[in-house]
Structures are given as structure tokens and as C-alpha cells.
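A short write-up of the structure that comes next.
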Amino acid sequence: MSDAEEARAERRRWITLAEGVAVAGVVIGGLTLWNNVSERRSAEAERTAERASSVKARAALALTATPENDGERLALSAADRRIERIEVRFPPALKVAPKSAVGDVAIAADWVRAPLLAITDGGTDALEGRLPVAVTAVWWDGDTQHRSSAIYDLVFATHGRVVGGRSLKLVALARLEGATAGVGRRLDTLWAQELGRLAV
């Protein structure tokens, strides 16, 4: 091989090496770009999940029920917000119209006393039962109105009296599950199960 041919072969080797380095640089640049885009998407997804979790946490509601006036009512409150209004739905089978309270939010024993005493009449005078109800609470966070609906057990107790027949008082409110479409049917199903337990 002549010196000229050798020189040409050497140049070809250098060109091939330079092309390889250039291709490697393009590949590395592409991988770096893909990695950066992937990290940005992942970070944005985490921020979106955190925001959604924060909104859900603010919308979740833990109601506290405090018996007042010897069980004549259950005053409702929440630790971190002021409840403006409640709407309470009862099992359709009980034939009690939905009730609401504004400002002074409470569930009154008078709302359910007559039907519950009638249903449990003829059995033991002293019993404790659970009436499933759907409670929707409404409150404001700044200028935004929020609503939270769930099914609760409204715990009641009946007692015999020397004069005036049996009495009924409200004892507690215990969350069962979130309220969804078809809440009336769900309330009736839960109420039928409770009536079976009470055997009335």
C-alpha cells in the first residue's frame, strides 16, 4: 500500500470515528431530553395527585354528634369547619319526609319519634336501635360551597315510663358509608336488616 493510500485510509478511520462520536452525542442528547421530559411528567403527576388529595381531604367531613336535652336532639359539628346546613333523608319505608336544619344544625328526636315508637311497639320497652339515614352537610370554604353526603346510623334508645307510655331519645350518629345514587334503596335495605335484628 502506497503512502497516499495509507493516508486516505487513516483519514477514513478518523472520519468514521468522528461520525461515531457524533452519533453517540445525538443518542446521549436524546436520552437526556427523554429523561428530563419523563421527570417533568412524573413531578407534574405527583403535584396533581397531591392537589387532588388535598381537595379530597378538605371535602371529606367527619361529623360529631352531641346529644342534647336528654336525647331530644343531636347537635352536629365538624372540628375544622362550620356546618351551615344539613339535609337528612330517611328510609322511604319509614314514610318520613326529608328534614333540614339551617344555622343550628341538629337532628331532632321529634322527626322520627312517632314512627319508631309505632314500629317497635309490642316488644321490649327498653331497646337500642339504629336507623340508617343519609346526611348531607353544606359548608363554605372562602367563596366555595362544599357538600358532603354519607349514610349514618342514627342510634336511638327507647324506655318505658310509668306514665305516658314509652319514650325515645337519640344517642349517637355513626358513619357507615358514602352516599351514592340509589341512596333510598340502600337505606331501605339497611333498615330491613335492622328490623330483622330488632325482630319487630
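The values are calculated or read from the model by the stated rules, or taken from the named source; none is laboratory data. Remember, it's a predicted structure, so these values are computed and weren't measured experimentally. In this analysis, Cβ positions are derived from the backbone assuming ideal geometry, glycine residues included, and neighbour counts consider all displayed protein chains.
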Filter result (in a helix (DSSP H, G or I) and buried (at least 18 other Cβ atoms within 10 Å of the Cβ)) within the range 105-115: Ala109, Trp111, Arg113
Test: residue in the range 120-134 that is loosely packed, with under 15 Cβ neighbours inside 10 Å and under 25 Å from the mean Cα position of the chain (by Cα): no
Test result for Val96, more than 22 Å from the chain's Cα centre (by Cα) and on the phi < 0 side of the Ramachandran plot: yes
Hits in the range 135-161 - residues which are surrounded by 15 or more Cβ atoms within 10 Å (Cβ to Cβ) and within 18 Å of the chain's Cα centre (by Cα): Val135, Thr136, Ala137, Val138, Trp139, His146, Ser148, Ser149, Ala150, Ile151, Tyr152, Asp153
Top-ranked residue in the range 116-145 [being of a type in the set (D, E, K, R) and part of a strand (DSSP E or B); ranked as modelled with the highest pLDDT]: Arg130
Qualifying residue in the range 164-176 (condition: among the charged types (D, E, K, R) and loosely packed, with under 12 Cβ neighbours inside 10 Å): no
Residue check, Val102 buried (at least 19 other Cβ atoms within 10 Å of the Cβ) and not hydroxyl-bearing (Ser, Thr, Tyr): no
Output for the range 156-200, where each listed residue is among the hydrophobic types (A, V, I, L, M, F, W, C) and under 18 Å from Glu87 (Cα atoms): Leu170, Ala172, Leu173, Ala174, Leu176, Ala179, Ala181, Val183, Leu187
The range 148-179, residues that are over 15 Å from Asp121 (Cβ atoms) and not in a strand (DSSP E or B): Val162, Val163, Ala179
Residue within the range 75-91 that is buried (at least 16 other Cβ atoms within 10 Å of the Cβ) and within 17 Å of Arg197 (Cβ to Cβ) present: yes
Out of Gly103, Gly122, sole residue that is assigned by TED's automatic domain parsing to the domain that holds Leu74 and touching a residue at least 60 places away in the same chain (Cβ under 8 Å): Gly122
